[in-house]
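What follows is one structure encoded as structure tokens, with my remarks underneath.
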Amino acid sequence: FGQALTDVFQIDTDSLSSPYRPLTRGLVARRDVAAVSVAGLLGCGLALALLSWWTLPLSALGVLGLATYTPFKRRWWSGPLYNGWIVALLPLLGATVAGLEPRAALAEPKVTLAMLSAFASYAVFVLLGYHKDVSADRASGYTTLPVRFGWRVSVAASAGFTAIAGLASAALLGL
């Protein structure tokens, strides 16, 4: 649902990099994709809220992040970081579902390590996706890290995020 929501706002670059998708081909309307995405995210958020009401503000924050991601993707310094914090909310959501208040969950080293691992791992995933979209992003005015600085710098940033994710995961597992 989150990917669909971000796709609604990225028709320009997706039309070049993924012209086969139903959204970019015009087979489904942006409004319809957005409605299904928001309905799905709302349903997930409400299901989590049945387990803990603390998930409501966290879920809303995540949906807001997804809906506002595209302007951050356009800037080389913010796309992976912005997308990463959204995914980093997931371990915190899990901890609140397990009964912890957000403040108490954030004080738990395992929760913060899981959040750091999710954040850094997803930043790598985002950068890898940017690598396949360089020409489309460049043509659409998206100044992603690989567009602005090339593959070497982007791969180095990916390696840094990979190291952070690995260290956080190892610490989380007690290695």
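The values are calculated or read from the model by the stated rules, or taken from the named source; none is laboratory data. The shown structure was predicted, so the numbers you read here are calculated from the model rather than taken from an experiment. Every residue, glycine as well, gets a Cβ built from its backbone with ideal geometry; the counts of neighbours run over all protein chains shown. Calculation scope for accessible area: heavy atoms of the full protein, side chains included, ligands and nucleic acids excluded. Shrake-Rupley method; radii C 1.70, N 1.55, O 1.52, S 1.80 Å.
The table that follows gives values for the structure above.
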quantity	calculated
Value at 222 nm in deg cm²/dmol, rounded to 500, when DSSP H runs of n ≥ 4 in the chain each add -39,500 (n - 2.57)	-25000 deg cm²/dmol
Unit charges on C-beta of K, R, D, E only; dipole of the chain, Debye	380 debye
In sequence order, calculated HN-Hα J values of segment 70-79 (Karplus, 6.51, -1.76, 1.60; Hz; x Gly/Pro)	3, x, 6, 5, 5, 10, 4, 8, 10, x
Cα-based Rg / Dmax (Å) for segment 47-93	12.1, 39
Apportionment of accessible area to carbon and sulfur, segment 45-175, percent (1.4 Å)	73 percent
Compactness relative to 2.2 N^0.38 Å, alpha carbon Rg of segment 1-50	1.27
Accessible area per residue in Å² at 1.4 Å probe, computed on the chain	53 Å²
For segment 134-167 versus segment 16-94, the gap between their alpha-carbon centres in whole angstrom	21 Å
Per-residue HN-Hα couplings for segment 142-157 [Karplus 6.51, -1.76, 1.60; θ = phi - 60°; Hz; x = Gly/Pro]	8, 9, 5, 4, x, 5, 6, 10, x, 5, 4, 5, 5, 5, 4, 4
P(r) tail fraction, the chain - alpha-carbon pairs more than 23 Å apart, %	47 percent
Charge dipole (segment 69-157, unit charges on Cβ, about Cα centre) - positive-most of A120, V97, G79	G79
Coarse-grained scattering of segment 23-105 at q = 0.18, 0.19, 0.21 Å⁻¹, given as base-10 log I(q)/I(0) from a Debye sum over alpha-carbon atoms	-0.84, -0.90, -0.99
J(HN,Hα) series, segment 117-124, from Karplus relation 6.51 cos²θ - 1.76 cosθ + 1.60, nearest Hz, glycine and proline x	4, 5, 4, 5, 4, 6, 4, 5
Taking the chain and dividing mean pair separation by its residue count, relative contact order in percent (alpha carbons under 8 Å, at least six apart)	22 percent
